[in-house]
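Participant: I have a structure I would like to understand better, so I am pasting it below and will then ask my questions one at a time.
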Amino acid sequence: MDGLLLRLIPALLLLGYASLLDWRRREIDDPSWQGLAALGVLFGIHDLLRYGTPYLAQLALSLGVTALLVLPMHHLRLMGGGDAKILLALALLFPYYPQPVTTLFPVFTLSVFVNAVTLTLLLPLLFFIINLRHLREVRSLSELYALFLGYRRKASEVRHYEAVYGRGRSFRFLLTTDAELGRAEGDDEVWVTPAVPFVIPITAGVLLSAVYGDIVSMVILSIM
């Protein structure tokens with residue numbers, strides 16, 4: 001456990017800083033991921049001296065699998081550049097699981113990513129709970145669907161990290177990160193969806209994956 005804390009605590013401090021930036025600005029600065037990468041180099045030197053060639057093989061697997069995951073997603077605009085850099089830095093810092101946990105994934109960052117996505121999928125439920133007061137106004141399936149995507153806000157008050165997807169009973173469902181943020185004309189109420197500060201669920205995913213494992217593996221193994 002001491003070895004786990006030695007690596008995990010500074011990583012969580014840096015991720016906490018990055019999460020705060022992501023919450024406020026929906027972007028992170030370079031020191032966030034560079035700090036994680038620097039930690040990865042320092043611990044990597046220690047692991048190389050201790051484990052030798054097997055460490056290099058595991059490091060190559062970790063970086064390779066993570067790159068194959070995040071680079072196409074970033075290219076398709078399904079993931080921000082900061083999120084991709086954070087995950088690659090984590091692949092360098094945690095090329096192997098710091099302790100035995102419940103997981104079906106061979107690479108730590110895959111477990112982290114699955115946890116982060118799973119936690120993010122709870123957002124539609126949160127939006128729906130917020131919008132329960134509008135449930136009586138629903139007249140179609142698209143209007144019901146819209147309750148899971150965001151919330152109402154005055155057009156003049158739309159924030160820089162929110163994208164308009166509906167006005168009245170007209171909705172445009174957003175699927176990628178190329179939506180125009182912070183732009184709304186008029187003074188009427190609009191439906192907005194916020195850009196997800198994905199570093200926050202990544203941070204929670206790191207803690208969960210390091211201590212317990214990933215949610216999906218736990219569910220699969222529990223029903224097998």
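The values are calculated or read from the model by the stated rules, or taken from the named source; none is laboratory data. In this text, all values refer to a predicted model and were calculated from it rather than measured experimentally. Methodologically, a virtual Cβ is constructed for each residue, glycine included, from the backbone with ideal geometry; neighbour enumeration extends over all protein chains shown.
Participant: When you look at H74, is it out of contact with any strand residue (DSSP E or B) (no Cβ under 8 Å at 6 or more places or on another chain), over 21 Å from V199 (Cβ atoms) and either surrounded by fewer than 17 Cβ atoms within 10 Å (Cβ to Cβ) or assigned by TED's automatic domain parsing to the domain that holds I215 (or both), yes or no? Working first, answer last.
Facilitator: Details: out of contact with any strand residue (DSSP E or B) (no Cβ under 8 Å at 6 or more places or on another chain): yes; over 21 Å from V199 (Cβ atoms): no; either surrounded by fewer than 17 Cβ atoms within 10 Å (Cβ to Cβ) or assigned by TED's automatic domain parsing to the domain that holds I215 (or both): yes.
Judged against the criteria, H74 is not a match.
Participant: Kindly indicate whether V70 is closer than 15 Å to V112 by Cβ, at pLDDT 95 or above and β-branched (V, I, T).
Facilitator: yes
Participant: List the residue pairs whose Cβ atoms are under 9 Å apart, where the first residue sits in the range 117-139 and is within 18 Å of V196 (Cα to Cα), the second is polar (S, T, N, Q), and the two are 6 or more positions apart or on different chains.
Facilitator: Qualifying pairs under 9 Å: F127/T193.
Participant: OK, next. Scan the range 98-112 residue by residue and report those that are within 17 Å of G40 (Cβ to Cβ) and out of contact with any Ser or Thr (no Cβ under 7 Å at 6 or more places or on another chain).
Facilitator: Within the range 98-112, P98, L110 qualify.
Participant: Just wondering, is there one or more residues in the range 165-177 that are touching a Gly at 6+ places or on another chain (Cβ under 7 Å), under 22 Å from M73 (Cα atoms) and of a type in the set (S, T, Y)?
Facilitator: yes
Participant: How many of the residues making up the range 85-113 are out of contact with any Lys or Arg (no Cβ under 8 Å at 6 or more places or on another chain) and closer than 14 Å to V211 by Cα?
Facilitator: Initial filter on the range 85-113 (out of contact with any Lys or Arg (no Cβ under 8 Å at 6 or more places or on another chain)): 85-92, 95-97, 99-113.
Right, trim to closer than 14 Å to V211 by Cα and you get 96-97, 99-103, 108-109, 111-112.
Within the range 85-113, residues that are out of contact with any Lys or Arg (no Cβ under 8 Å at 6 or more places or on another chain) and closer than 14 Å to V211 by Cα number 11.
Participant: Which members of the range 107-117 meet the condition of being buried (at least 17 other Cβ atoms within 10 Å of the Cβ) and either outside the structural domain of G64 (by TED's automatic domain parsing) or in a helix (DSSP H, G or I) (or both)?
Facilitator: F108, T109, L110, S111, V112, F113, V114, N115, A116
Participant: As an exercise: evaluate R183 against (1) closer than 30 Å to Y97 by Cβ; (2) in the same structural domain as I130 (by TED's automatic domain parsing) and give the number of the one condition it does not meet.
Facilitator: Looking at each condition in turn, R183 falls short on (1).
Participant: Looking at S209, S217 in this structure, which one is closer than 30 Å to V114 by Cβ, in contact with a Leu (Cβ under 6 Å, 6 or more places away or on another chain), in the same structural domain as E27 (by TED's automatic domain parsing) and modelled with pLDDT of 85 or more?
Facilitator: Just a single option satisfies the conditions, and that option is S217.
Participant: Still on this model: What single numbered condition from (1) in contact with a Leu (Cβ under 9 Å, 6 or more places away or on another chain); (2) surrounded by fewer than 17 Cβ atoms within 10 Å (Cβ to Cβ) fails to hold for P201?
Facilitator: (2)
Participant: Assigned to a helix (DSSP H, G or I), closer than 21 Å to I9 by Cα and touching a residue at least 60 places away in the same chain (Cβ under 8 Å) - does that describe any residue in the range 88-98?
Facilitator: yes
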